[in-house]
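What follows draws every value from the coordinates through simple rules; no lab data is involved. Keep in mind it's a predicted model, so treat the numbers as computed, not measured. Heads up, the Cβs are rebuilt from the backbone with ideal geometry, glycines too, and the neighbour counts pull from every protein chain shown.
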Ligand code: FSO
Ligand code: SF4
């Protein structure tokens, strides 16, 4: 069966249904198809590694890393480079071929595990293995919900791997789950269980990354972050990879080039290790979707360590560098050396020739409220809840995006009563972190835990509060969840929260297009998942 482009993995999908001509994100049909093929061959490889494990044989770390990198490359706004994606298909097929030789039996392996071909035939195959190749819409929905959760999980695991932390149990699960998605004997119930199990590994994956980040860079602490600029030329680093940032800071020390964070790299400012660098200047700009205007004004090179990459304008395209899972054809991609380190000298050389950044704003924002820091303030927080000074915590984590309807989140934050505190993580924060919402007895009303993966911190905080207040159910806390989603990392965060037993999450600005009516019904009935309406009504239902 041949299909034209079909992608519905993100919140901005065309018409709320699916991108079929070209992605709203800018992804071209041939790139979308090659990503589908990469997911397909990664599932095939995973069927082989899962069989190997069942035969009692081990799978090397390099293969685990290849699986997570492949998934990461197909996340929204990560990689638009057709050649790079096709090359990963070839790498995966080669790796699979070698592993097949070690299998005792190939009996009953799925077609994806057995498929191999030359590059010239990839395009023809790619159009037959996409989302629509699963015809039953409920099976498709459950398969894609799992796939997107796994993509998000893979991204977080990859960051932990970059810091030398691996968890074979998580990698084995990712591969086993990918293999199950090829299995036509899986029932709706089996697939629903797989969705929920993915959430369990989501918690483990975020915990692994939290451990990796805090071990390497210390526990995030309350920090005032500069929004203005200095007089030196600068490099803007964006995405989520803290290890890339560390290497860049080391290599730019003493060069007269300042480093600014952008988008989801902002929370790096909260880590003690990075604060030691005097040329770590501040945060520039806002969430990912504003990059066209902001990159123009930055004047210097921009390093993408992960998504979200918006197809660049010609005016600054030559200043875009990509690394890791990101890529854009025509932009310089920086590969790691054999020892995993990266050489950013080309970025630094360019920066030296550029004008300093144009100032977009001045002032400061405050963040750094990850679990360790909030738990250090626990007495104060608990006292404020007991005295009634804090009536409710509102978790507003997740993503920002370009849809006008997302103005809701700024309005909602402004309309919240003054005795509520927003707990945030992810790029969603840009809708309210600069609003000056004040504090409650010294506790800021917007507590930023960090990147989207630091939603884990918010869960740790909630579980701790549950313990302190002696409650038997997380849902009895004075806490509501109004989460904004955009891409697949938000999907794993959602599945992780469901695994932790969180109910009645409001998900917006729209529910995922990949939830079929029946699957949406299951989520509503079992978890009370809902979406958003008007600010006024939602304040009434969520806050009372
Ligand atoms: Fe945002 Fe993009 Fe962190 Fe996502 S920059 S949207 S959920 O990649 O990963 O929050
Ligand atoms: Fe469309 Fe989103 Fe897929 Fe891009 S990632 S093609 S915007 S659904």
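For this structure, a couple of remarks:
- All Cα pairs of the chain, percent lying beyond 34 Å: 36 percent
- Global geometry of the stretch 223-352, whether rounded, prolate or oblate, following the gyration tensor of its Cα atoms and the 1.5 cut on a/c: rounded
- Taking the fewest neighbouring Cβ atoms within 10 Å as the starting point, the ordered list for 485, 289, 115 is 115, 289, 485.
- Residues 105, 405, 128, 141, sorted so that the one with the fewest Cβ neighbours within 10 Å comes first: 105, 405, 128, 141
- For the stretch 486-527 versus the stretch 85-105, the gap between their alpha-carbon centres in whole angstrom: 34 Å
- Protection proxy ranking of 267-276, 87-96, by the mean of other Cβ atoms within 10 Å over each peptide's residues and highest first, is 267-276, 87-96.
- Summarising the strand pairing of the chain, around 20 percent of its internal DSSP beta bridges are antiparallel.
- Annotation for the stretch 196-233 versus the stretch 332-389: alpha-carbon center distance of 8 Å.
- Cα gyration tensor shape of the stretch 94-164, rounded if a/c is under 1.5, else prolate or oblate by comparing a/b with b/c: oblate
- Two-decimal ratio, the stretch 14-216, of alpha-carbon radius of gyration to 2.2 N^0.38 Å: 0.99
- Anisotropy class of the stretch 407-526 from Cα gyration tensor, a/c 1.5 cut: oblate
- Between residue 378 and residue 28, residue separation times 0.36 nm minus the direct Cα-Cα distance comes to 121.1 nm.
- Ranked 144, 361, criterion: other C-beta atoms within 10 Å, fewest first: 361, 144
- For the stretch 371-542, the relative contact order is 23 percent, taking Cα pairs closer than 8 Å that sit 6 or more residues apart in sequence and dividing their mean separation by the residue count.
- The chain, relative contact order [Cα under 8 Å, separation at least 6], %: 17 percent
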